[in-house]
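The values are calculated or read from the model by the stated rules, or taken from the named source; none is laboratory data. Because the structure is a prediction, the values reported are computed rather than measured. Cβ placement follows ideal geometry from the backbone for every residue including glycine, while neighbour counts extend to all protein chains displayed.
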Amino acid sequence: MRKPILVLLFISLLAVFAVGCSNERVAKPELKGTGPLALKLPPGILSPEYHQPVDYWKDHHMDILKRGDYNKHECMLCHDANTSCNNCHDYVGVKRVSGYE
């Protein structure tokens, strides 16, 4: 009686492992990237001079906010939380941005 249960358990674990370890990965959120998490700017809009280099801003935007150089309201004048902020925040597993506060 134990042997069929162990075999069924083993087959179930293999099935879960096979399904859970597929090679399909969501593309990393990137400016001008592809995939569902790509960061989007409105057509004809370029990243402003004060956001250069963009990689610096990606890594340090929270430091800039905490330091008080900009506040969240100023950011939300240009950024749509659903198409820029939250794509990255969801990808890395940090708190979502809720727009104006």
Considering residues of region 69-91 that are within 21 Å of L46 (Cα to Cα) and of a type in the set (S, T, Y) only, the residue modelled with the highest pLDDT: Y70
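Among the residues of region 65-91, write down those that are hydrophobic (A, V, I, L, M, F, W, C), in a helix (DSSP H, G or I) and either touching an Asp or Glu at 6+ places or on another chain (Cβ under 6 Å) or within 20 Å of L37 (Cβ to Cβ) (or both). Show your work before the answer.
Narrowing region 65-91 to residues hydrophobic (A, V, I, L, M, F, W, C): 65, 75-78, 81, 85, 88.
Now drop any that are not in a helix (DSSP H, G or I), which leaves 65, 75-76, 81, 85, 88.
Residues satisfying the conditions are C75, M76, A81, C85, C88.
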Which condition does A27 not pass, out of (1) under 19 Å from the mean Cα position of the chain (by Cα); (2) at pLDDT below 75; (3) part of a helix (DSSP H, G or I), if it passes all the others? (3)
V94: passes all of (1) modelled with pLDDT of 85 or more; (2) closer than 16 Å to G33 by Cβ; (3) among the β-branched types (V, I, T) but (2)
Within region 45-64, identify whether any single residue is of a type in the set (A, V, I, L, M, F, W, C), surrounded by 10 or more Cβ atoms within 10 Å (Cβ to Cβ) and part of a loop (DSSP other than H, G, I, E, B), and answer yes or no. no
